[in-house]
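What follows draws every value from the coordinates through simple rules; no lab data is involved. In this text, all values refer to a predicted model and were calculated from it rather than measured experimentally. Ideal geometry is used to build each Cβ from the backbone, glycine not excepted, and the neighbour counts take in all protein chains shown.
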């Protein structure tokens with residue numbers, strides 16, 4: 001192993017140091033040689049595969065530590081996020097009957113899937129899903145969760161590092177990336193949209209305009225101009 005060790009290559013002076021997008025002027029630098037620091041003896045490809053395996057195992061162990069907790073869906077969400085962009089067929093249960101929804105798996109939140117079909121967006125809670133079928137269930141490399149922020153703007157990267165709470169809490173996509181966005185919070189960004197809601201225990205759907213979405217409930221201004229409150233746990237699916 002020692003025979004294979006070698007010093008890292010010197011970083012060329014032509015490689016620009018962007019100072020991590022800081023607006024402040026820094027003191028003049030003393031010219032010194034810069035060297036990259038090796039983190040492993042593995043090749044970059046082997047090291048990347050090893051990190052992915054470790055993350056998958058950690059996510060699985062995190063889920064198995066409390067399998068009866070319905071909120072412990074982190075590993076499931078991360079797996080679904082890697083399947084974004086594929087056509088799926090979802091079987092969900094509502095009012096003791098099964099329904100099939102087909103479309104593109106667009107996003108996976110903390111407690112729901114977002115499916116898109118021609119001109120429609122479906123929001124389906126995990127607890128209503130019985131089965132998911134697809135001809136392509138292999139994770140897509142371009143949807144690797146770890147690489148999703150790899151090419152973001154450097155100034156945004158700096159803001160996330162220095163003002164994590166403020167920056168992330170203001171962006172639903174970042175909330176979902178780091179924590180998994182709950183359904184009610186995702187719907188809060190769609191206030192004012194026309195919706196069709198299928199409710200457990202009711203045979204007819206509810207149509208109207210979404211006027212409020214909070215942790216326990218959503219409010220719909222129905223077609224007869226009355227406001228109807230719906231408990232989040234009663235929602236079978238929402239179409240926008």
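Which semi-axis lengths, in whole Å and largest first, follow from the square roots of five times the eigenvalues of the Cα gyration tensor of region 154-239?
Numbers: eigenvalues 210, 31, 17 Å².
For region 154-239, the ellipsoid semi-axes come out as 32, 13, 9 Å.
Please order 213, 134 by the number of other Cβ within 10 Å, starting at the fewest.
Values: 213 21, 134 13.
The order, fewest Cβ neighbours first, is 134, 213.
Provide 159, 151 in ascending order of the number of other Cβ atoms located within 10 Å of each residue's Cβ, fewest first.
Numbers: 159 15, 151 8.
If I rank by nearby Cβ atoms, fewest first, I get 151, 159.
Provide 178, 80 in ascending order of the number of other Cβ atoms located within 10 Å of each residue's Cβ, fewest first.
Details: 178 13, 80 22.
So the ranking, lowest neighbour count to highest, is 178, 80.
Could you give the radius of gyration (one decimal) and Dmax (whole number) of the Cα atoms in region 94-240, in Å?
Radius of gyration, then largest Cα-Cα span, for region 94-240: 17.2, 51 Å.
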